[in-house]
Amino acid sequence: MTIFYLGIDLGTSRTSISTSTGKRMTTRTCVGFPKDLISTKRFGNRPYLLGDDAQDNRLGLNLVWPLESGIITNHPKALESAGLILKHLIAEAIPDKKPEDKIYAAIGVPAQASLNNKKAIIEVTKTFIDKILIVSEPFAVGYSLDRFDETLIVDIGAGTSDLCRIQGSLPTAEDQISITKAGNFLDEVLTNNIQKKYPKVQLSSRIITNLKEKYGYVDGNVDPIMVTLTEAGIPKEYDLTEVIRESCLALTDSICFSVQQLVGSFDPEFQTKLRNNIIVAGGGSRLRGIDFAIEKSLKPYGGGRVTCVQDAEFCGCNGCLKMVLEVPESMWEKVS
């Protein structure tokens, strides 16, 4: 019998996995169910499609994004979909698993995920994960980087932005903040701002996501952002330079306020160390200038130092993997 150890970052937009065998994989957290007889035939009688495959064929599918704001939604197929994504990802990552082999996994969830949400994840994975550890996503990021001193982790995902103070011990509820202004919020703001300036432009969720990921910025000088979009099917060039910056600031202003809260409420003797040890992770860490924006927000507090992780896609699941390998089983309940 072999025990396989997994670290999983279950995200609203993407789910990533790292394994004790050295494999790393990621997929979009969505499932597509065929709409009708024609779509069922088109997709070879497959009952569902997953991840990027589902996104690329979404016109013939009913898409289910099982997580919203970092928690499992009330959609009737949400639990089933979350289970399908996790089961598929694990099977892809461990293709040689035998029936007698065991799966031990740590799964990252938002900093202040409810007990009911944690129970739902345990329930949906009980048939294919033998032992499970539920951990705070920003704490998992800190664990992956071996940052156990006075450090503030800012993990900006799609559904939530999670902040966590680490101070040499397990974080308490007072050390963590979870807000719903994150990547999906930015998508909505960006969509509204573009349509306000260019009412006839044609947009889709995929177009907005691509614009955000390619051009998103909040600070510093950038070249004009000229983008080709369509209006009634006719391609035109649009200047989105200020629109993108203003939209990104709507997100970062909320994050900066949360950073100020955790710094200002910390032990005064250690506030200087905390504000000079801030790490930004998650997809939002790719916004150009977000580190400088947070540093500027801390000027009234005496300044700060902010760095962005190098491996935004897998930093969280790598931390989960380290935890499931290193934390004694007797402490799993306490960590969760």
### Query
Toward the positive end of the charge dipole of region 45-142, about the Cα centre and with charges on Cβ (Lys, Arg +1; Asp, Glu -1), which of Tyr104, Ile94, Ala140 goes farthest?
Tyr104
### Label-point gap, in nm, between Glu123 and Thr241 - each point 7 angstrom along Cα→Cβ
5.3
#### Entry: Net charge, Pro47 excluded, C-beta distance under 14 Å - Lys, Arg +1, Asp, Glu -1
+3
## Note on the structure
Looks like the chain, by Cα gyration tensor root eigenvalues a ≥ b ≥ c and the a/c under 1.5 rounded cutoff (else prolate when a/b is bigger than b/c, oblate otherwise), is oblate
#### Entry: Under Karplus coefficients 6.51, -1.76 and 1.60, residue-wise ³J(HN,Hα) of region 312-324 in Hz, glycine/proline x
4, 5, 10, 4, x, 6, 4, x, 4, 4, 4, 5, 5
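Considering only the chain, what is the antiparallel percent among its DSSP beta bridges, to the nearest 5?
60
Roughly to the nearest percent, how much of the accessible area of region 152-264 is carbon and sulfur, given a 1.4 Å probe?
C and S atoms contribute 49 percent here.
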## Note on the structure
Among Lys23/Lys87; Lys299/Lys322; Lys181/Lys212; Lys118/Lys181, the pairs whose Cα-Cα distance exceeds 24 Å are Lys299/Lys322
### Query
In terms of solvent-accessible area of protein heavy atoms at a 1.4 angstrom probe, what is the ranking of Arg46, Arg286, Arg28, highest value first?
Arg286, Arg46, Arg28
### Task
Can you work out the accessible area per residue across the chain, with the rest of the protein chains kept in place, probe 1.4 Å, in square angstrom?
48
### Query
What shape does region 194-329 take by its C-alpha gyration tensor, where a ≥ b ≥ c are the square roots of the eigenvalues and a/c under 1.5 counts as rounded, a/b above b/c as prolate, and the rest as oblate?
oblate
### Task
Over the alpha-carbon set of region 67-186, work out the extent along each principal axis and list the three values in angstrom, largest first.
44, 32, 24
### Message
Rounded to the nearest percent, how much of the accessible area of region 15-60 (1.4 Å probe, protein heavy atoms only) is carbon and sulfur?
### Response
52
#### Entry: Three-way shape label, region 1-122, alpha-carbon gyration tensor, a/c 1.5
oblate
### Task
Could you order Ser114, Ser18 by accessible surface area, starting with the largest, using a probe radius of 1.4 Å?
Ser114, Ser18
## Note on the structure
Expressed in nanometres to one decimal, the distance between label points 7 Å along Cα→Cβ at Asn45 and Glu326 is 5.0
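The values are calculated or read from the model by the stated rules, or taken from the named source; none is laboratory data. The structure presented is a predicted model; accordingly, all values stated were derived computationally and were not measured. As a convention, Cβ positions derive from the backbone with ideal geometry for all residues, glycine included, and neighbour counts pool all protein chains shown. Side chains included, ligands, DNA and RNA excluded: accessible areas come from the protein's heavy atoms. Shrake-Rupley method; radii C 1.70, N 1.55, O 1.52, S 1.80 Å.
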